[in-house]
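Data first, discussion second: the structure below is written as C-alpha cells.
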Amino acid sequence: LNAYLTLTEERAMAQAKEADRELAREGRVPRELKPLFGIPMAVKDNLVMEGVRTTAASKMLENYIPPYTATAVERLEKAGAITLGKTNLDEFAMGGSNENSAFGPVKHPLFSDRVSGGSSGGSAAAVRAKLCQFSLGSDTGGSIRLPASFTGVVGFKPTYGRVSRYGLIAFASSLDQVGPFAETVEDVAQIFEVMSGFDAKDGTTARLKKENYSQALKAPFDFKSLKIGVPQEYFVEGLSADVEKSVREALEFFKAQGAELVPISLPHSPYCIAVYYIVAVCEASTNLERFDGVRFGERPASALQAQSLDDFYKKVRAGFGDEVKRRIILGTFALSSGYSEAYYTRACQVRRLIKNDFTEAFKKVDVIMGPVAPSTAFKLGEKSSNPLEMYLNDLYAIPANLAGLPAISVPCGVDSQKLPIGLHIIGDAFSESKLLSVAHAFQKGRVH
C-alpha cells in the first residue's frame with residue numbers, strides 16, 4: 001500500500017517491553033494512568049519525533065532527524081500508545097489524493113487502482129488495512145476527513161486550538177489542525193481526550209477545561225432534541241448520485257429517530273475554494289521560505305558549485321515537487337506588492353463572512369450534515385494532470401477549516417462499485433462533546 005515511510009521498530013519494541021514490565025509489576029492493565037496502554041498507533045510523517053526520520057514526504061527533508069517530539073505524539077505515547085511508524089502523505093500535506101508524495105502514492109486498501117485520499121492517505125489506509133489500531137493525521141482543508149471518507153474509517157478534525165500544533169511541520173498555520181483516525185467514534189473520542197488541551201509551546205491552543213469525551217458517549221442520546229442543519233449549497237450539480245443517496249439515507253436515519261432536519265443556507269459557500277487557495281498558498285509560501293538549504297532542507301551537491309546566491313537557491317529549491325512549487329509560486333504572487341490587497345486581504349475578509357454564515361446557522365441548529373467529498377475514491381492518475389479538478393474535491397471539507405470548526409467523517413455507505421462513502425458532520429466551535437455524541441449515535445445505530 002506504501003502507507004508507511006519509516007518503521008520505528010526499535011522504538012515500538014522498547015515501548016512494548018516496558019509495557020510488559022509494567023504489567024508484570026501491576027498485575028493488570030493500568031488504564032487509569034495510561035488509557036492507551038499497549039495500543040499500536042501510526043503517525044503522519046509531518047509530525048516530528050525525536051530521533052526518528054521525519055520527511056513530510058519530501059526530498060527536501062529526506063534525511064531530517066528532529067531533536068524533539070510533537071506535543072500530540074508525546075501525549076499519546078505517555079498514555080501508553082506504541083508507535084509503529086511514520087505514514088506517507090502528500091508532500092508537505094499539499095494534495096487531496098496522496099499522489100504528490102516524493103516516495104510514491106498510497107494505494108487504496110480495498111482497491112489497488114484507486115487513491116486513498118490526501119493528504120493523510122497513509123494514516124487512513126493503515127487504519128483500514130489494520131496496520132495499526134489508530135493513527136494521527138493533519139487537516140488543513142479536509143486532509144483527515146477526505147481520506148477517511150475514501151477508505152471507510154472515522155476521521156476527526158477538532159476545533160482550531162483544541163490540539164497543539166507544536167511539532168507539526170507547518171503548511172498553512174491558521175488552518176492546520178492535528179486529529180485522529182480510527183475504526184470507531186468511540187476510539188476517536190478516547191484518543192482525542194488524551195491529545196487535546198492547552199500547550200504552553202503553542203500560543204494558538206485554547207485555555208479551556210479538559211473534557212471527558214469518551215464518558216460523554218456513554219450517556220443515552222436524545223435524538224428528539226437534535227436539530228440538524230442541511231445546507232442547500234451542499235447538494236448541487238457535481239455531487240455524485242451515489243454519494244447523495246447515502247448521505248440522504250443517513251439524514252433519514254436521524255429523522256426516523258426523532259431528530260429535526262432544518263434546511264439552512266451558507267450563502268458564501270461558493271467562495272470557499274477560492275478563499276482557501278489564496279489563504280493557504282500565501283501561508284504555505286511563507287512557511288516554506290525556511291527550506292533554503294542553509295537552515296533547513298537538503299543541500300544538493302550541485303548547489304556547492306552555484307555561481308551566485310540566486311543560483312544556489314534555484315538548485316536547492318528544485319528539490320520541491322511540482323504541487324509544492326505551484327503553491328509557493330501562487331502564494332508569493334498573491335502576497336507581492338500591488339497584489340496582496342486585491343488577493344490576500346480580500347480573501348481574509350470573505351473568510352470572515354464564511355465564518356459568520358456558520359455562526360448564524362448554529363443559532364438554529366446543533367450540527368450541520370452533508371457529504372465529505374463530491375465523489376468516492378477516484379483512480380490513480382485520473383486527476384493528476386488537472387490541479388483545478390483536484391482542488392474541487394475539497395469543496396465540502398474546506399469550510400470547516402476556514403471557520404476553525406470541528407468536523408468528522410463517519411462511514412455511511414458504499415457506492416455502486418463498493419467504494420466507501422463518508423457522512424460529514426460539522427459542529428460549532430469547541431462543541432466536540434456534542435459532535436462526537438451525534439457521530440457515535442449514528443455509527444452505533446447503523447451498526448445495530
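Annotations
- Portion, in percent, of the accessible area of the range 298-346 that falls on carbon or sulfur, probe 1.4 Å: 54 percent
- Farthest positive-ward along the chain dipole, Cα basis, beta-carbon charges - from 208, 158, 293: 208
- Anisotropy class of the range 318-369 from Cα gyration tensor, a/c 1.5 cut: oblate
- Sulfur and carbon atoms: percent of accessible area, the range 133-208 [1.4 Å]: 45 percent
- Accessible carbon and sulfur surface of the range 1-46 relative to its total accessible area, %, 1.4 Å: 55 percent
- A Cβ-based charge dipole, computed about the Cα centre of the chain with Lys and Arg at +1 and Asp and Glu at -1, lands at about 560 debye.
- Mean separation of Cα contacts under 8 Å (6+ apart) over length of the chain, as relative contact order %: 18 percent
- Residue among 217, 71, 321 farthest towards the positive dipole end of the chain, charges placed on Cβ: 217
- Extents of the range 45-204, taken as max minus min of Cα coordinates on every principal axis and listed largest first, are 44, 37, 29 Å.
- Loop-located chymotrypsin sites (Phe, Trp or Tyr not before Pro) in the range 50-96 whose Cβ has at most 14 other Cβ within 10 Å (DSSP): 68
- Cβ-based charge dipole, the chain, positive-most Cα from 412, 330, 51: 51
- Calculated from backbone phi, Karplus (6.51, -1.76, 1.60) coupling profile of the range 343-356 in Hz, x at Gly/Pro: 10, 5, 4, 5, 4, 5, 5, 5, 4, 4, 5, 5, 4, 5
- Dividing the radius of gyration of the alpha carbons in the range 338-426 by their Kirkwood radius gives 1.05 for Rg/Rh.
- With the gyration tensor restricted to C-alpha atoms of the range 276-355, the semi-axes of the equivalent ellipsoid amount to 30, 12, 9 Å, longest first.
- Note on the range 285-345 and the range 118-165: Cα centroid distance 28 Å, given to the nearest whole angstrom.
- Probe 1.4 Å, accessible area per residue of the chain, Å²: 41 Å²
- Between residue 256 and residue 434, the simple spin-label model (points 7 angstrom out along Cα→Cβ) gives 2.6 nm.
- Dipole check for the range 293-448: with +1 at the C-beta of Lys and Arg, -1 at the C-beta of Asp and Glu, and the Cα centre as origin, the magnitude is about 160 Debye.
- Above-threshold pairs, the threshold being 25 Å between Cα atoms, out of 364/418; 224/363; 315/383; 78/444; 78/201; 44/325: 364/418; 315/383; 78/444
- Estimated dipole of the range 36-171 in Debye, rounded to 20 [Cβ of Lys and Arg +1, of Asp and Glu -1, Cα centre]: 320 debye
The values are calculated or read from the model by the stated rules, or taken from the named source; none is laboratory data. Given the structure is predicted, the values throughout are model-derived calculations rather than measurements. All Cβ positions, glycine included, derive from the backbone under ideal geometry; neighbour counts span all protein chains shown. To get the accessible areas, we keep the full protein, side chains included, count just its heavy atoms, and leave off ligands, DNA and RNA. Shrake-Rupley method; radii C 1.70, N 1.55, O 1.52, S 1.80 Å.
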